[in-house]
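This is the structure, below, for whatever I ask next.
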Amino acid sequence: MKKYTYSESKDTRSGFGAGLLEAARQNKNVVALCADLVGSLKMNDFIKAYPDRFFQIGIAEANMMGIAAGLTIGGKIPFTGTFANFSTGRVYDQIRQSIVYSDKNVKIAASHAGLTLGEDGATHQILEDIGLMKMLPGMTVINPCDYNQTKAATIAVAKHQGPVYLRFGRPIVPVFTAEDQEFVIGKAVLLNSGVDVTIIATGHLVWEAIRAGEELEKLGIDAEIINIHTIKPLDKEAVLASIEKTGCVVTAEEHNRIGGLGDSIAQLLTKQMPVPQEYVAVDDSFGESGTPRELMDKYGLNADAIVASVLRVLKRKQLK
Amino acid sequence: MTKNSIHNLEAIVQQVRRDILRMVHACQSGHPGGSLGCAELLVGLYFELMQRNEHFDVNGEGEDLFFLSNGHISPVFYSVLARAGYFPISELATFRKLSSRLQGHPTTHEGLPGIRVASGSLGQGLSVAIGAAQAKRLNKDNHLVYVLMGDGELQEGQVWEAAMYASHNKMDNLIAIVDYNGAQIDGATNDVLSLGDLPHKWMAFGWKVVEVRRGNDVGSVIAGLRRAQSMTAEKAPIMVLLHTEMGNGVDFMMGSHKWHGVAPNDAQLESALRQNAETLGDY
């Protein structure tokens, strides 16, 4: 198992804030909008540097999506900012008609995704957003794993032509990817080569997958670990090449089991390479209040859950 | 004195009415009522009031922009765009048919020149127009953005989010227009969900309001819109409440909401076309 270490922990939303500032420095057409959550989205540095390119919308997310669509008419590259819940479900039709169906170059920056929003509870913890966004034809869906990758992803999506859903979160998590990494949209990142099982993780579950790989190594299991930061378009070649080698897969995500990364993998495999698959995901339920750590443990989104799923899927592979 | 004489504009309006009726009849679907009622407005905008570039570009820099928020009146939009030279007039025959660029509701998706955003699901156009107006400000582009909404559409909450935003941000390069015909699919707006005192509502939201009483008279429409143009750059968005008649120009369609979304049959089409003689040549 390849060794992964980290010297600091940070929130992915701060990676977005740093990336937005850098993207704005690189291209004067980058603008940002926010629905009364500037501090939560870490947009303060951008606003200080480029006050004329920031639009405070107020608590009016539907209007924000429409204004973002309009700003692209005139060549702007707008980033909208609010919590993932208010970035998707609340404004689905505005995103669908005014942005994606209209081919608008809008970047939807969604913070506080999933359970790790924590104490605010289920009203704010969306676990369906990946599914909602990936169902839109032409939408790109990205869920980076740490501060550095979120920063790199933000800079990359500003250069990408077309609508993007960029999902990140609130909790402090290890920063283990390279500061100067190249972020290629739609390209899987191989974290560890192995032969027994493929673990495919996204977002906050990527670090948990690395920890699970270390535990599995102690059990004599050689896991291949893939970080899928781009859920759509999916890097099918990388997934199929790995699973052809290992013959079974565990997917891990901070999302509902229905409609997330796991379903994207299952759809690919059903058609091209049916193998046993186990899901580490929320089992079709809402969340609740608690600390991020407590919630991830209670809902089975951690390294232990990944290890247990690997043992299950290996048993199924042997039976096959 | 206008670029085009009122007489010429009236001739275009009459041909647009014929186009609307024939398009809706040919596919036996679509929305003739509101389309007929807005013929004078769209002809006035595209043939007289707006500064437009010769070649269409989605970004529309250096020209005035128009957004149709109530996308269901696509027949009048398509007819006026074709007659203004954005795409071949013959293409009007493909309206609502398979593989056409003239979808039931306007879209950029099939690449039809003249369209800058999809509309149909109501309440979204004002926000988009505000965004485009913000982009014009950033680009130091001194042109105007127009947007048309239905009056029933004002029942959508997003419109009022946008209304609040536009006045707070002093969007004075924006002219919004409401097709104030008092009717929607299920009946009179007063019966379905009252709009209340619309002029005062918009004023209370910080907008300057221009009321045009005779929205189916080309001269009145142009005079009203010119007045609105003269009020731009004064730190407030402008609302034009345009009183129109659904189905205007066809005797059996006027004065009723029943032709909001119903196509005429052969005999009805013949009667309607007799009331609107060919002026520029049918498609």
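In whole Å, how far is the Cα centre of the stretch A:1-71 from that of the stretch B:220-271?
Cα centroid to Cα centroid, the span is 42 Å.
Using the count of nearby Cβ atoms within 10 Å as a rough guide to exposure, how do A:Ser309, B:Ser127 rank from fewest to most? Can you show the working numbers first?
Numbers: A:Ser309 22, B:Ser127 32.
Fewest to most other Cβ atoms nearby, the residues stand as A:Ser309, B:Ser127.
Output the peptides B:21-27, A:232-238, A:212-218 sorted from most to least packed, where packing is the average of other Cβ atoms within 10 Å over each peptide's residues.
Numbers: B:21-27: 22.0, A:232-238: 16.4, A:212-218: 19.0.
Result, highest mean Cβ count within 10 Å first: B:21-27, A:212-218, A:232-238.
Summing +1 for each Lys or Arg and -1 for each Asp or Glu, what net charge is found among the other residues whose Cβ lies under 11 Å from the Cβ of A:Glu294? Present the calculation step by step, with values, prior to reporting the outcome.
On the way: positive: A:Arg293, A:Lys298; negative: A:Glu119, A:Glu288, A:Asp297.
Result for the local shell: -1.
What are the residues whose amide H is under 5 Å from the amide H of A:Val141, where those residues sit 5 or more places off or on another chain and H is modelled from the backbone?
For A:Val141, whose amide H was placed from the backbone, the distant partners under 5 Å are A:Tyr165, A:Ile231, A:Lys232.
Could you go through the stretch B:203-210 in sequence order and give the Karplus-derived ³J(HN,Hα) for each residue, using 6.51 cos²θ - 1.76 cosθ + 1.60 with θ = phi - 60°, rounded to whole Hz, and x for Gly and Pro?
4, 5, 7, x, 9, 8, 10, 10
Additional query: What's the local net charge at A:Pro276, with K and R +1, D and E -1, over the other residues with C-beta under 12 Å away? Kindly include the intermediate steps, with their values, before the conclusion.
Numbers: positive: A:Arg312, A:Lys315, A:Arg316, A:Lys317, A:Lys320; negative: A:Glu278.
Residues close to A:Pro276 contribute a combined charge of +4.
Once you keep just the Cα pairs under 8 angstrom separated by 6 or more residues, what percentage relative contact order results for chain B?
Numbers: 576 pairs, mean separation 74.0, N = 283.
About 26 percent, as a whole number.
I would also like to ask the following. If you fit an axis through the alpha-carbon atoms of helix A:205-218 and take the longest principal axis of the Cα set of chain A, what angle between them do you get, 0 to 90°, nearest 10?
20 degrees
For helix A:303-319, what angle does its Cα long axis make with the longest principal axis of chain A, in degrees from 0 to 90 and rounded to 10?
Its long axis makes an angle of about 50 degrees.
What is the sum of charges, Lys and Arg at +1 and Asp and Glu at -1, for the other residues whose Cβ falls under 11 Å from the Cβ of A:Ala62?
It works out to a net charge of -3.
Under the definition of partner shielding as Cβ atoms of other protein chains within 10 Å of a residue Cβ, what is the mean value for peptide B:168-178? Numbers along the way, then the final one.
Working: counts 3, 4, 0, 0, 0, 0, 0, 0, 0, 0, 0.
Whole-number average of other-chain Cβ neighbours for B:168-178 is 1.
Let me ask you something else. I'd like the mean, over residues of A:89-102, of how many other protein chain beta carbons sit within 10 Å of each residue's own Cβ. Walk me through the numbers before you get to the answer.
Working: counts 0, 0, 1, 0, 5, 6, 0, 2, 11, 9, 4, 2, 7, 12.
Partner Cβ neighbours, averaged per residue: 4.
Return the sequence-ordered ³J(HN,Hα) values of the stretch B:262-277 in whole Hz as given by the Karplus equation 6.51 cos²θ - 1.76 cosθ + 1.60 applied to θ = phi - 60°, using x for Gly and Pro.
Calculated HN-Hα couplings, in order: 10, 8, x, 7, 4, 5, 5, 4, 4, 5, 5, 5, 4, 7, 9, 5 Hz.
Indicate the gyration tensor shape class of the stretch A:9-174 (rounded, prolate or oblate), computed on the Cα atoms with a ≥ b ≥ c the square roots of the eigenvalues: a/c under 1.5 is rounded; otherwise a/b larger than b/c is prolate and the rest oblate. Show your work: numbers first, answer last.
Working: a/c = 1.39, a/b = 1.09, b/c = 1.28.
It is rounded, given that a/c, with a ≥ b ≥ c, falls under 1.5.
Mind checking the mean number of beta-carbon atoms from other chains within 10 Å of the Cβ atoms in B:101-107? Present the calculation step by step, with values, prior to reporting the outcome.
Numbers: counts 0, 0, 0, 0, 1, 1, 4.
The mean count of partner-chain Cβ atoms within 10 Å per residue comes to 1.
Where nothing but the Cβ of Lys and Arg (+1) and of Asp and Glu (-1) is charged, how large is the charge dipole of chain B around its Cα centre, in debye to the nearest 20? Can you show the working numbers first?
On the way: 23 positive and 30 negative charges, 84 e Å.
It comes to approximately 400 debye.
Right, next: Roughly what would the spin-label model give for A:Ser289 and A:Lys245, points 7 Å off Cα along C-beta, in nm?
4.7 nm
Taking square-rooted eigenvalues a ≥ b ≥ c of the alpha carbon gyration tensor, is the stretch B:73-117 rounded, prolate or oblate, where a/c under 1.5 means rounded and, failing that, a/b exceeding b/c means prolate?
Values: a/c = 1.38, a/b = 1.12, b/c = 1.23.
Judged from the Cα gyration tensor, the stretch B:73-117 comes out rounded (a/c under 1.5).
Order the peptides B:254-260, A:261-267 from the highest to the lowest mean number of other Cβ atoms within 10 Å of their residues.
Details: B:254-260: 18.6, A:261-267: 21.4.
So the order, starting with the most tightly packed, is A:261-267, B:254-260.
Hey, can you grab everything whose amide H is under 5 Å from the amide H of B:Gly247? Only 5+ residues off in sequence or another chain; H modelled, so Pro and N-termini drop out.
HN-HN under 5 Å from B:Gly247: B:Gly34, B:Leu36, B:Gly37.
By how many degrees, between 0 and 90 and to the nearest 10, does the Cα long axis of helix B:6-27 differ from the longest principal axis of chain B?
60 degrees
Averaging sequence separations of C-alpha pairs under 8 Å and six or more residues apart, then dividing by the length of chain A, give the relative contact order as a whole percent. Could you put the intermediate results ahead of the total?
Numbers: 743 pairs, mean separation 59.8, N = 320.
Reported as a whole number, the value is 19 percent.
All of the numbers you see were taken from the coordinates with simple rules; none came from a lab. The structure displayed is predicted, hence computed values, not measured ones. FYI the Cβ positions are ideal-geometry reconstructions off the backbone, even for glycines, and counts take in every protein chain you see.
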